[in-house]
Structures are given as structure tokens and as C-alpha cells.
1. Which entries of Lys47/Lys77; Lys33/Lys118; Lys47/Lys70 have Cα-Cα distances beyond 18 Å here?
2. Out of residues 5 or more away from Asp111 or on other chains, whose amide H comes under 5 Å of its own, with H placed 1.01 Å from N in the peptide plane?
3. So what is the relative contact order for the range 26-123, in percent, with contacts set as C-alpha pairs under 8 Å and at least six apart?
4. Taking amide H positions as placed 1.01 Å from N in the peptide plane, with prolines and chain starts having none, which residues 5 or more places from Gly117, or on another chain, fall under 5 Å of its amide H?
5. In sequence order, what are the phi-derived ³J(HN,Hα) couplings for the range 69-82 according to the Karplus relation 6.51 cos²θ - 1.76 cosθ + 1.60 with θ = phi - 60°, rounded to whole Hz, with x for glycine and proline?
6. Ranked by Cβ crowding within 10 angstrom, fewest neighbours first, how are Val79, Val32 ordered?
7. Could you give each residue of the range 26-33 its phi-based ³J(HN,Hα) in whole Hz, using Karplus coefficients 6.51, -1.76, 1.60 with θ = phi - 60°, and x for Gly or Pro?
8. Explain nothing, just compute: Karplus ³J(HN,Hα) = 6.51 cos²θ - 1.76 cosθ + 1.60, θ = phi - 60°, for every residue of the range 104-111 in order, whole Hz, x for Gly and Pro.
Amino acid sequence: MKSNYAKMILRSLLFTTTLASPLSVFAHAIMVKSQPAQDTTIAVSPKQIDVWFNDKVGSEYKAVAVIDSKGNRVDNKDVQQELLDGSHLYCTVPDLPPDTYTVRYRVVSIDTHIVTGKFQFTIKP
Ligand SMILES: [Cu+2]
């Protein structure tokens, strides 16, 4: 988690630096929220995984994958971008058994930078 935080700080520093460039009106995407939330334990399988960024992200190359503790991909490979909120991606999942899951995402920022990241949640009845 500490290294993620360091990366976020680094990214915001880089973003501040790029404010000098004419393209800088466009934001670098940073994940700001998810459902299930990062590092939470829930009792029942979610129906879908939601990820929100600080700004709209590109519609191309978007990816969200849910991986179980054995390394198997378990989501339905149906990532969507909300029509009226381009900062919101989601994919559906089947009924997931208790386990710790890793959600990996990849998006293209409006500033054209590719952003990848991951977070975990646990299902425990
Ligand atoms: Cu960027």
C-alpha cells in the first residue's frame, strides 16, 4: 500500500510538472473509488465490480480483470464504461466463493498516459 501511495504522490508531482505543457488541461487518470472498496472484507459476492477515476478515461484499451487467490481470472470479461460518466468502469462477476480477489485495471488517461493498477477485496461469509 505504501508503494501505491508513493506512486500516487509521484504521479501528482509529474502531473504538476506537466501543467507547464499546453496539453496539460487533460488529466492523468487516478483511481479514486471502487466497489467493493479497496482492502475491504464483504460477506456476499458482489454482482459487479466498479472502478471510478478522477476524470473521464479513454474508451479504447480499457480493461478490468478480477483474479482469485490461485491466479485464475473469474470476471465475465465484459468491462463497460458508463455512458454518462466516462470516469466509471465496471464489469460483472459470477457468484464468487469466499476468497481474496485482486482487481487489475488498465485505462488510457485523457492525457494519453496508460494507467494500470490493482486493489484487493475479500469475501468471507
Ligand atoms: Cu498522465
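1. On the way: Lys47/Lys77 13 Å; Lys33/Lys118 12 Å; Lys47/Lys70 21 Å.
Lys47/Lys70, as the Cα separations exceed 18 Å there.
2. Those lying under 5 Å, H to H, from Asp111 are Ala27, Ala29.
3. On the way: 242 pairs, mean separation 35.2, N = 98.
With pairs under 8 Å counted, the relative contact order is 36 percent.
4. Distant-sequence amide H within range of Gly117: Tyr105.
5. 6, 8, x, 8, 6, 10, 6, 8, 6, 10, 3, 10, 10, 4
6. Values: Val79 19, Val32 11.
Going from sparsest to densest Cβ surroundings: Val32, Val79.
7. Calculated HN-Hα couplings, in order: 8, 8, 7, 6, 10, 5, 10, 6 Hz.
8. 10, 9, 9, 9, 9, 5, 4, 7
No lab work stands behind these numbers, since they all come straight from the coordinates. Everything numeric in this text was worked out from a predicted model, so none of it was measured. All Cβ positions, glycine included, derive from the backbone under ideal geometry; neighbour counts span all protein chains shown.
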